Amino acid sequence: MLAEAVTHNEEKLPVRVMFQDEARFGRLSDPRRCWAPWPQRPLVKKALIREYVYAYAAVTPADGQLEWMLGSNMDTLTMNVFLQQVSTRHGSEFVVMVLDGAPSHRSAQLMIPENIVLLRVPPYAPELNPVELVWDELRDQDLANKVYDTLDSAISQLALGMWRLE
């Protein structure tokens, strides 16, 4: 499949393989296990406010380079913006982007830049996508056991976590 995708590289640019995914983050709290000195028990507040932001990310396993963007929706228009961002930042490379079969990845309105080709992973196989590890790291290290007063404060914490991972 990768060999077939690379045949679209007519300009013979250097090839970069990236894995892409989206995740939803917000004010809905995420209680997780945490350390506390014995005999104390940690108390974690809980929030049930359903306000969200969507994180788009693509990672290159070969060198660990991370491209990311935050958006208010998970739809084709936002995916188009993310693809254009990746295309611009990697304008001198041919990007093979491996992603899942989300509706926004299969839409007829999806505008795929000339230096990007999309390659889909099999359905129900998130373990094949290394970006899932980025989401796990963010949830464990940056967002767990916290309650946010506003969506903007949750977005700020998410952005700090993404910058930390860059």
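What whole-number value in Å² describes the accessible area per residue of the stretch 1-156 for a 1.4 Å probe? Present the calculation step by step, with values, prior to reporting the outcome.
Details: 9440 Å² over 156 residues.
I get 61 Å² per residue for the stretch 1-156.
For the stretch 73-166, with only Lys/Arg (+1) and Asp/Glu (-1) charged at the beta-carbon, what is the dipole magnitude about the Cα centre, in debye rounded to 20?
Details: 6 positive and 13 negative charges, 47 e Å.
The calculated dipole for the stretch 73-166 is roughly 220 debye.
Taking label points 7 Å from Cα along the Cα-to-Cβ direction, residue 65 and residue 10 give a separation of 2.4 nm.
Given the options 19, 133, 86, identify the residue whose Cα lies farthest towards the positive end of the charge dipole of the chain (+1 on Cβ of Lys, Arg; -1 on Cβ of Asp, Glu). Looking along the dipole axis, the top candidate is 133.
Charged neighbours of residue 126, selected by a Cβ distance under 10 Å, balance to -4 (K, R count +1; D, E count -1).
Quickly estimate the mean residue ellipticity at 222 nm for the chain, helices only: each DSSP H run with n ≥ 4 gives -39500 (n - 2.57), and the total goes over all residues, rounded to 500. Let's see the in-between values first.
Details: 5 runs with 46 residues, N = 166.
Here the helix-only value at 222 nm equals -8000 deg cm²/dmol.
Stretched out straight at 0.36 nm per residue, the stretch from residue 127 to residue 81 would grow longer than its current Cα-Cα span by 14.0 nm. Within straight cross-link reach of residue 146, meaning Cα distance under 28 Å, which lysines are found once same-chain residues fewer than 8 apart are removed? Correct list for residue 146: 45, 46. Projected label points at residue 30 and residue 108, each 7 Å from Cα along the beta carbon direction, are separated by 3.7 nanometres.
What FRET efficiency would be calculated for the residue pair residue 2, residue 152, taking the C-beta separation as r and a Förster radius of 45 Å, to the nearest 0.05? Let's see the in-between values first.
Values: r = 40 Å, r/R0 = 0.90.
So, using R0 = 45 Å, E works out to roughly 0.65.
Here the chain is assigned +1 on the Cβ of each Lys and Arg and -1 on the Cβ of each Asp and Glu. Its dipole about the Cα centre then comes out at about 780 debye. Among 55, 165, 150, whose Cα projects farthest towards the positive end of the dipole of the chain, with charges put on the beta-carbon of Lys, Arg (+1) and Asp, Glu (-1)? Value: 150.
The chymotrypsin sites (Phe, Trp or Tyr not before Pro) found in the stretch 81-124 that occupy coil by DSSP, while having at most 10 further C-beta atoms within 10 Å, are 124.
If the segment from residue 120 to residue 48 were pulled out straight at 0.36 nm per residue, it would be longer than the present Cα-Cα gap by 22.5 nm.
The values are calculated or read from the model by the stated rules, or taken from the named source; none is laboratory data. Because the structure is a prediction, the values reported are computed rather than measured. Glycine also receives a Cβ, built like all others from the backbone with ideal geometry; neighbour counts cover every protein chain displayed. For accessibility, only protein heavy atoms count, side chains too; no ligands or nucleic acids. Shrake-Rupley method; radii C 1.70, N 1.55, O 1.52, S 1.80 Å.
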